[in-house]
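Below you'll find the structure, written out as structure tokens, and then a few comments.
The values are calculated or read from the model by the stated rules, or taken from the named source; none is laboratory data. Model, not experiment: these values are computed from the prediction. Reconstructed Cβ throughout: ideal geometry from the backbone, glycine too, with neighbour counts over all protein chains shown. Accessible surface is based on the protein model in full, side chains and every heavy atom, while ligands, DNA and RNA are left aside. Shrake-Rupley method; radii C 1.70, N 1.55, O 1.52, S 1.80 Å.
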Amino acid sequence: MGLHPLEFSECYLDSPCFREKIKAHEAELDKTNRFIKELYKDGKNLINATKQLGMAQRKFAQCLGEFQFEYIGDAKTDDEDCIDKSLQEFSAFLRNLEDQRELMMRNITETLMKPLEKFRKEQLGAARAGKKKYEKETEKYYSSLEKLLNMSAKKKEPQLQEADGQVEQMRGHFQEESLDYICKLQEIQERKKFECVEPMLAFFQTVFTFYHQGFELAKDFDHYKRELQINIQNTRSRFEGTRSEVYELMKRIREAPQEYRQTSPISCEGYLYVQEKRPPPFGSSWVKRYCTFVKEQKILHMVTFDHRSGGKIGETESITLKSCVRKTTDMLDRRFCLELDITDRPGTVLTVQALSEDDQKFWMQAMGGKEPTGHYLGRTYSKERGIDAQLDDVGLTFVKNSINAIEKRGINDQGLYRVVGVSSKVQKLLSLMIDEKSNDVDLAASEDWDVKTITSALKLYLRSLPEPLMTYGLYKEFINPAKGGSPESRIQAVHCLVHKLPEKNRLVLGLLMKHLANVAAHSKQNLMTVANLGVVFGPTLMRPQEETVAAIMDLKFQNIVVEILIEHHEKIFADAPASCPPSPAQPVFTAPTRHSKKQSRQSRPLAVYNPQVLDIQNVSPVTDNAVAGLASDETSMGSNESMSSQSSSASASETPTDKSDHTSLSCSLSSGNNSKMSTAATSWSCPTSERSPAAPDKDPPEESVSSSSRKAMAVYPCEAEHESELSFQVGAIFNSVTLSREPGWLEGELEGKRGLIPENYVQML
């Protein structure tokens, strides 16, 4: 479990647990600050002390290798996992460079040092400033609150009202500062994953230019580097979507905090001041305690906690409540008081003081207390009802009509589904098609509605359904496979879950996924890759019932599920699966170790830099003014491919023309549309050479594979770890199987693709 999400609603409770969560986030940012400072210092040593290059570089590598990002929530995406492990990858590479002793560090000030220092000063500095303001507002608010609560109720009404107003103003300032502070904390926690790693990536691009040996190292690292750039782009896109949702939730909570107060049918919680009586002549004192009332058992748990004493949590005391009566100011010279009759202490009455009149009513209602007026004057909140969208024949007709129009009129429009239409026109179109049930309007033939209005209306229709298309009930089941497991297991799990959906939901979802796959097929023109479509449609097609920060942090996994649905729509929506995958806790088999497949980068020579510039997107530069508007309205579209299931099948494999030699791969890297990359796009020309995996479990007999091609069957599943390898499941049949030059490996064909096969994973036929 990583760092706990900081819920905005907890700002209004300000519980001890909430303060502990904040401390954990602050400690993580302090650790990051120390890490960046150390890294900056080490980078300076590399620049200014060439004679001590070896020692400084090893220290730098050690600093990278020891640091690890913390994440918010209970799981990471594949992209985040790759980013988290990237520092270890960089560390290993730097150690290899030190062994070669040929590194020439140049131009790292602009590519590495300045971005890190800028992040530390602007982001982490802002967090430190926010912490000071937050602590200052905490002190001011609780001091004024205690002063108010100690005020005599016999004072004149204008004085009381003035005091109440001052405290309310202090409370407002404190809660506003609390909301802003925890939002900033979580934003920086997410931002640092790419803000810290991206300069490293640019730094490595500079490092490679000064080496004239080591073609294989450049080849391997270029492949990893391109994947990492996609990881960063995907994480950035998901961050932008998540951030907008978080700000929207914070806005709603700020407008109606009572509606989002954390209560449940089981318990309620908050601060109460408890009267503690002392022997004469000392009188009594009032101690602030954080209280949790369990309604069914009528048990009140009280924890002593003082924000000004360093946040130390005291002992917990529990009492069983018999009755609760409101105490008037005639009986006690303090307002907002309740009198609690305790079951486990016969004859003992406990007096507590709420924080305000509304808070007093809240506790009265929770404890079943007696209100002098005979009823609870609570507030009610209502949400405006939007368009009456239903998943019926009218809605299905609208979906088909919209898809047909989009594919005929705008399939190549740049930023399709990203560029939004005018809100009033979108509402008008959807009202026309849904509320008025105008089935005679052919959107493909009508020029009254532009493409961006149609795409926005389609998204609005899906968001306006009473229940998301993928249902509340299956939300967690869809999310769970995206948080772990192999790509194949994810696809199987999603396949099973899709066929648990109601028939109409599955029908509409299938139509939409087929359409989005068509959109992604034209991504060279419209720039909408599978990953970009996942960002757009993840929150539209699936969402939890409860609106919390923790739920918003799962947006990235929603995107992954949608990516799987788009990439594998033909398989998923064709037929129901014959059987659902077993639980990960009950594996069907035990595969041999994959250690023999790992490539050792340590023994490889260095790369040769090729200044040729290539573009991995194969998209012409865009100069249309419309794109500038698109960039301002939407997040970066630099993500070039989906990472959700990219390993589920082999990439474009090598096709050797000779059994004793592999065709060399041409590798390229481009900064793509990522405007924040500080270095120019570069490419690496990778010469042919032999791979060097470790030896297999045992050497095969020479006669096991003759010079003539044979067939083989997979006895264990395998996930490709390199472009030249094949991915396969148990029972897969390989044709034209021959010995490879590499020990422990075979070459074979599977589904029209030729690549490497680990010998101890198959059985010859």
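See the values below:
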{"item": "Subset of the range 522-550 [more than 22 Å from ASN412 (Cα to Cα) and open to solvent by 20 Å² or more (accessible area, probe 1.4 Å)]", "result": "PRO539, ARG543, PRO544, GLN545, GLU546, GLU547, THR548, ALA550"}
{"item": "Where GLY43 falls short, out of the listed (1) touching a Pro at 6+ places or on another chain (Cβ under 7 Å); (2) more than 14 Å from LEU185 (Cα to Cα)", "result": "(1)"}
{"item": "Cβ-Cβ under 8 Å pairs, at least 6 apart or on other chains, the range 716-744 side in contact (Cβ under 8 Å) with a residue 60 or more places away in the chain, far side in a loop (DSSP other than H, G, I, E, B) and among the aromatic types (Phe, Trp, Tyr)", "result": "TYR716/PHE589; VAL730/PHE589; VAL730/TYR716"}
{"item": "Pairs, first under 23 Å from GLU157 (Cα atoms) in the range 323-352, second among the acidic types (Asp, Glu) and open to solvent by 60 Å² or more (accessible area, probe 1.4 Å), C-beta under 8 Å, six or more apart", "result": "ARG335/GLU357; PHE336/GLU357"}
{"item": "Considering residues of the range 101-123 that are open to solvent by 60 Å² or more (accessible area, probe 1.4 Å) and modelled with pLDDT under 85 only, the residue nearest to PRO199 (Cα to Cα)", "result": "GLU110"}
{"item": "Criterion (closer than 28 Å to PRO257 by Cα, among the basic types (Lys, Arg) and assigned to a helix (DSSP H, G or I)) met by exactly one of ARG34, ARG19, ARG58", "result": "ARG19"}
{"item": "Number of positions in the range 243-265 that are more than 18 Å from the chain's Cα centre (by Cα), aliphatic (A, V, I, L, M) and modelled with pLDDT of 80 or more", "result": "1"}
{"item": "Hits in the range 466-490 - residues which are open to solvent by 10 Å² or more (accessible area, probe 1.4 Å) and within 26 Å of ILE403 (Cα to Cα)", "result": "PRO466, GLU467, THR471, TYR472, LEU474, TYR475"}
{"item": "Test: residue in the range 355-371 that is assigned to a strand (DSSP E or B) and aliphatic (A, V, I, L, M)", "result": "no"}
{"item": "Subset tally (residues that are over 31 Å from the mean Cα position of the chain (by Cα) and in contact (Cβ under 8 Å) with a residue 60 or more places away in the chain) for the range 413-467", "result": "0"}
{"item": "Filter result (loosely packed, with under 15 Cβ neighbours inside 10 Å and more than 38 Å from the chain's Cα centre (by Cα)) within the range 288-319", "result": "GLN297, GLU317, SER318"}
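Listed here are the residues, each with its yes/no results for (1) modelled with pLDDT of 80 or more; (2) crowded, with 19+ Cβ neighbours inside 10 Å; (3) closer than 18 Å to ARG236 by Cβ.
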position	(1), (2), (3)
LEU46	no, yes, no
THR50	no, no, no
GLY54	no, no, no
LYS59	yes, no, no
GLU66	yes, no, no
GLY73	no, yes, yes
THR77	no, yes, yes
LYS85	yes, no, yes
PHE93	yes, yes, no
